1. Once the Cα gyration tensor of the range A:42-190 is found, what semi-axes does its equivalent ellipsoid get, as square roots of 5 times the eigenvalues, in whole Å, sorted largest first?
2. Under 37 °C and 0.692 mPa s, how fast does the range A:296-452 diffuse according to Stokes-Einstein, given a Kirkwood radius computed over C-alpha pairs? Answer in µm²/s, whole number.
3. For the range B:22-137, state the semi-axes of the equivalent ellipsoid (square roots of 5 times the eigenvalues of the alpha-carbon gyration tensor), sorted largest first and rounded to whole angstrom.
4. So which of B:Lys27/B:Lys74; A:Lys45/A:Lys186; B:Lys56/B:Lys79 end up more than 20 Å apart, counting from Cα to Cα?
5. Given the C-alpha centroids of the range A:226-290 and the range A:317-349, what is the distance between them in whole angstrom?
6. Near A:Lys121, which lysines are there with a Cα under 20 Å away, not counting those fewer than 8 places off in the same chain?
7. Which of the aspartates and glutamates could a cross-linker span from A:Lys128 if the Cα-Cα distance has to be under 18 Å and same-chain partners fewer than 8 positions apart are dropped?
8. Could you list A:Ile290, A:Ile77 in order of exposure, starting from the residue whose Cβ has the fewest other Cβ atoms within 10 Å?
Amino acid sequence: MGISAEEIFETIRMIELENLDIRTVTMGISLKECAGGNLKEVAEKIYQKIYRYASKLVSTVKYISEDFGIPIVNTRISVTPVANIIGDTTEPPIILAEALDKVAEEIGIDFIGGYSALVHKGFTRADKLLIASIPEALAKTKRLCASVNIATTRTGINMDAVRWMGEIIKETAFKTASQYGIGCCKLVVFTNAPEDNPFMAGAFHGEGEPEAVINIGISGPGVVKAAILRLGSASLGEIAETIKKTVFKITRVGEAVGREASKRLGVEFGIVDLSLAPSPRVGDSVAEIIEAMGIEKCGAPGSTAALALLVDAVKKGGAMASSYVGGLSGAFIPVSEDMGMVEAVEAGSLNLAKLEAMTAVCSLGIDMVAIPGDTPPETIASIIADVSAIGVINNKAIGVRIIPVPYKKPGDKVVFGGLLGESVIMEVSKFNSFDFIKRGGRIPAPLTSLTN
Amino acid sequence: MAGQKYFNYENIIKVKFLKIEKPMIQKVIITLVSEVKEEETKLESEFAVAKGYLVKIEGAYRVAYAGVVMDLLKELGIKVQDISQKRIENLWVLAFSVELTKSDISLNKLRKLILEKTSKMGVTVRIQDEAIFKSMHRV
């Protein structure tokens with residue numbers, strides 16, 4: 001049966017009025033074979049391999065976007081965690097960061113992720129070299145993204161890594177102080193990091209992934225919000241049903257784009273990440289979805305329940321629409337990238353404590369939160385530990401992307417630009433947890449039965 | 001050695017690209033989206049579609065937009081299967097359903113020609129494979 005006029009018009013409405021788009025087509029590329037030799041040789045092999053696989057990525061995605069008439073906002077690459085391929089060097093692997101950034105620029109992609117280390121149980125020598133080099137690597141590059149996995153449900157939380165990441169984040173911010181600490185926008189501290197995440201800054205090509213793969217990150221908060229508003233005074237059950245149906249359609253677009261990209265590039269199709277990713281555009285906001293359900297301002301009492309409903313319905317609708325679901329799959333609440341969240345912070349309805357509560361029911365945790373530049377590294381580490389504990393206990397992927405903006409105070413405004421958006425500096429607790437963080441060691445893995 | 005050659009990535013890419021063939025009939029949806037405008041003169045026109053009926057379009061600018069696309073498709077020998085129109089909030093959307101057979105021009109060429117013809121009309125034009133609508137709305 002041919003397509004009906006109503007189906008055509010519904011699609012056009014979503015694209016023209018409700019900001020439907022695909023957030024990212026991310027090609028994951030294994031760099032395992034690039035290990036060996038000195039860093040210069042590794043850098044050369046990395047450059048060659050990525051170029052060989054992804055030189056047609058941007059043009060192919062552009063053609064698919066035209067053929068399907070669906071905007072595709074970003075094209076990205078994720079690679080094997082770099083700490084795993086630097087071999088027996090004793091030098092910081094900055095040259096690899098530069099090689100990744102160079103190839104990303106030449107291919108024309110927006111971001112490249114995988115300057116990463118997985119240290120949830122402890123550090124290798126290579127992990128230490130890589131983590132120590134993150135501030136310089138992010139200051140010297142434009143498209144490179146870094147991530148460090150500091151905890152998993154099966155291993156517990158590596159508190160030495162948590163403490164160190166507090167310092168690394170501070171150092172990164174000050175190394176990019178002229179751009180409001182933008183280096184921290186490209187650095188995520190993860191718990192239970194997924195191996196097939198297409199979203200930055202936490203994307204890397206995991207250990208169990210194939211040679212190369214296409215992963216898709218969908219978007220569409222505007223479409224969901226509009227669908228809820230059209231319902232008028234419906235019950236929450238009806239809202240959940242509508243979100244499921246709407247996300248089903250959004251995800252099907254992602255699935256179609258992913259399969260087509262996979263076919264045209266001759267690379268395996270990986271997953272669709274069901275996360276509703278907002279953008280700084282007006283009407284493309286997860287906060288506005290929460291408000292559309294009847295919450296006066298995001299962050300007000302009831303916000304966590306509304307977000308829980310949203311995330312669950314997104315997963316139910318999306319899982320039906322895609323043959324392979326993965327990544328972070330949930331809803332993102334990155335403050336600076338979501339105009340509704342920024343307005344809620346300005347209005348005083350959303351603070352760090354409420355964000356932490358909300359993060360318990362959605363993915364990515366404390367994300368794109370700008371805090372005062374004089375926040376002590378131990379306090380940043382304590383925030384990471386809190387968020388990580390939520391992820392470990394609830395067996396979910398969660399992260400912290402926090403920016404201690406140099407020389408800025410609570411209430412000041414900062415503009416990161418592009419998809420990274422703008423934000424107001426949020427207030428951080430004045431009470432310290434220095435002694436707790438200084439203890440170090442590892443918080444043991446939790447029991448996964450007797451769950452209360 | 002044959003085995004090694006097969007696993008040369010560039011060879012695999014070439015094979016995959018060659019495998020993509022033009023389908024026998026490709027169904028394409030062309031949509032024109034414009035902001036609703038004030039009409040100075042009343043005008044209406046009827047356009048014949050392959051299904052055997054006439055579609056009436058009212059409004060001077062709407063008739064002009066539809067005429068440009070219909071003329072071009074006629075010139076290319078492509079039959080319009082159906083035309084639909086709808087006002088969505090402050091937008092007016094006009095959708096043409098067409099079928100491209102193997103002997104017709106490629107989707108890319110058609111896109112280029114339509115975008116050329118409509119470039120100065122101030123409308124947003126999409127030329128989409130029907131597959132994306134099916135994928136989105138059908139289980």
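Quick note: the coordinates plus some simple rules give every number you see, no bench work behind them. Bear in mind that the values here come from a model prediction, so they are computed numbers and not experimental data. Cβ atoms come from the backbone with ideal geometry, glycine included; neighbour counts cover every protein chain shown.
1. Three semi-axes, in Å: 28, 17, 16.
2. For the chosen part, D equals 195 µm²/s.
3. On the way: eigenvalues 112, 47, 40 Å².
In descending order the semi-axes read 24, 15, 14 Å.
4. A:Lys45/A:Lys186
5. Here the answer is 10 Å between Cα centres.
6. Correct list for A:Lys121: A:Lys396, A:Lys438.
7. Hits, sequence-local ones excluded: A:Asp88, A:Glu91, A:Glu136, A:Asp160, A:Glu167, A:Glu171.
8. Starting with the residue having the fewest Cβ neighbours, the order is A:Ile77, A:Ile290.
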